[in-house]
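Here's the structure we're looking at; comments come further down.
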Amino acid sequence: MIAEDLWRLFDIIGTLAFAVSGALVGLSRRMDIFGISVLALATAVGGGMVRDLLVGLTPPMALRDTTNFLLSVGVALATSFLYQWTALHRMRRQRLLTMFNISDTIGLAAFTITGALTGVRFGGEDSYVLPILLAATTAVGGGMIRDVLAQRMPVVLYAEVYAAASLVGAFVFCTLRFTLGVEADSWLAFALVLVIRFAAIHWNWSLYHPRPPRRYRDGRTEE
């Protein structure tokens, strides 16, 4: 599988997965079908548009090819109708959260690879900084836009391990692509991001959170 076909495959996977996560956030916020579609689109194409602008691709690919737009809107509509006409709306909050985490993690992993592949294309075979930067930007950019539009703190700023999983996957991709080949390396990095993120959710892993000593919390001191 050539690099362009591989990029396109991961782009479609990421678009579908992130569109689902965006639609679920819109449903949780009781938005109408337009708002749900906007969140699905923002999540699915937002990070890729920022990535393209960083490497000088103007207009961004999402504006030159309608495929991702159509996929995102289709997913938003399908998710909305399933929510209304099936048992989806009767699911407990925890199950809906699980669906969100699964779709969001798949999108995170897939867009990590599309960003890394784009970085290799524009940064050169020996580049590390650009592929890793673009991988993280593509992976978390759309989710940040989604959360801001939904008036939530972006997941990347507080979630257990989110952007860190993308950074690790991108680093492994850059390190092993000459040894394993681009295709095998891409699937390995994709799987690694999935494993790290799902493990972080399951075991509640988190990065260091600076906090004041207990005696200074809530604006008072303990004797």
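Residues are listed down the side, and each one gets a yes or a no for (1) exposed (fewer than 11 other Cβ atoms within 10 Å of the Cβ); (2) at pLDDT 95 or above; (3) polar (S, T, N, Q):
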site: Gly142; (1), (2), (3): no, yes, no
site: Ile145; (1), (2), (3): no, yes, no
site: Arg217; (1), (2), (3): no, no, no
site: Glu222; (1), (2), (3): yes, no, no
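Yes/no matrix, rows are residues, columns are (1) out of contact with any Gly (no Cβ under 8 Å at 6 or more places or on another chain); (2) among the β-branched types (Val, Ile, Thr):
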| residue | (1), (2) |
| --- | --- |
| Arg121 | yes, no |
| Ser127 | no, no |
| Ala135 | no, no |
| Val161 | yes, yes |
| Leu167 | yes, no |
| Val182 | yes, yes |
| Ala191 | yes, no |
| Phe198 | yes, no |
| Pro212 | yes, no |
Which of the residues belonging to region 13-30 are modelled with pLDDT under 95 and either closer than 12 Å to Leu108 by Cα or in a loop (DSSP other than H, G, I, E, B) (or both)?
Arg29, Arg30
Any chance Arg51 is closer than 30 Å to Ala184 by Cα, basic (Lys, Arg), in contact (Cβ under 8 Å) with a residue 24 or more places away in the chain and in a helix (DSSP H, G or I)
yes
Scope region 54-77; condition assigned to a helix (DSSP H, G or I) and either of a type in the set (Ser, Thr, Tyr) or under 14 Å from Ala135 (Cα atoms) (or both); matching residues
Leu54, Thr67, Ser72
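Report yes if Arg152 is at pLDDT below 95, out of contact with any Pro (no Cβ under 9 Å at 6 or more places or on another chain) and exposed (fewer than 12 other Cβ atoms within 10 Å of the Cβ), otherwise no. Outline the logic, then answer.
Numbers: at pLDDT below 95: yes; out of contact with any Pro (no Cβ under 9 Å at 6 or more places or on another chain): yes; exposed (fewer than 12 other Cβ atoms within 10 Å of the Cβ): no.
In short, no.
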Within the bounds of region 80-94, is there any residue that is buried (at least 21 other Cβ atoms within 10 Å of the Cβ) and either closer than 23 Å to Phe198 by Cα or modelled with pLDDT under 95 (or both)?
no
Go through region 46-71 residue by residue and tally those that are closer than 10 Å to Asp11 by Cβ and among the β-branched types (Val, Ile, Thr).
1
Residue list for region 103-129, filter: over 21 Å from Asp5 (Cβ atoms), without any contact (Cβ under 8 Å) to a residue 60 or more places away in the chain and assigned to a helix (DSSP H, G or I)
Val129
How about region 35-61: which of its residues are surrounded by fewer than 24 Cβ atoms within 10 Å (Cβ to Cβ), of a type outside the set (Asp, Glu) and farther than 19 Å from Ser103 by Cβ?
Met49, Val50, Leu53, Leu54, Val55, Gly56, Leu57, Thr58, Pro59, Pro60, Met61
Among the residues of region 114-136, which ones are over 20 Å from Thr179 (Cα atoms) and surrounded by fewer than 24 Cβ atoms within 10 Å (Cβ to Cβ)?
Phe122, Leu133
Scanning region 177-209 for residues that are modelled with pLDDT of 80 or more and in a loop (DSSP other than H, G, I, E, B), which turns out farthest from Leu9 (Cα to Cα)?
Tyr208
Quick one: what pairs do we get from region 176-198, first residue of a type in the set (Lys, Arg), second assigned to a helix (DSSP H, G or I), C-beta under 8 Å, 6+ apart or different chains?
Arg177/Val120; Arg177/Asp185; Arg197/Thr105; Arg197/Leu108; Arg197/Ala109; Arg197/Ala165
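The values are calculated or read from the model by the stated rules, or taken from the named source; none is laboratory data. Small disclaimer: the values here were computed from a predicted structure and weren't measured. With ideal geometry, Cβ positions are generated from the backbone for all residues, glycine too; neighbour counts draw on all protein chains shown.
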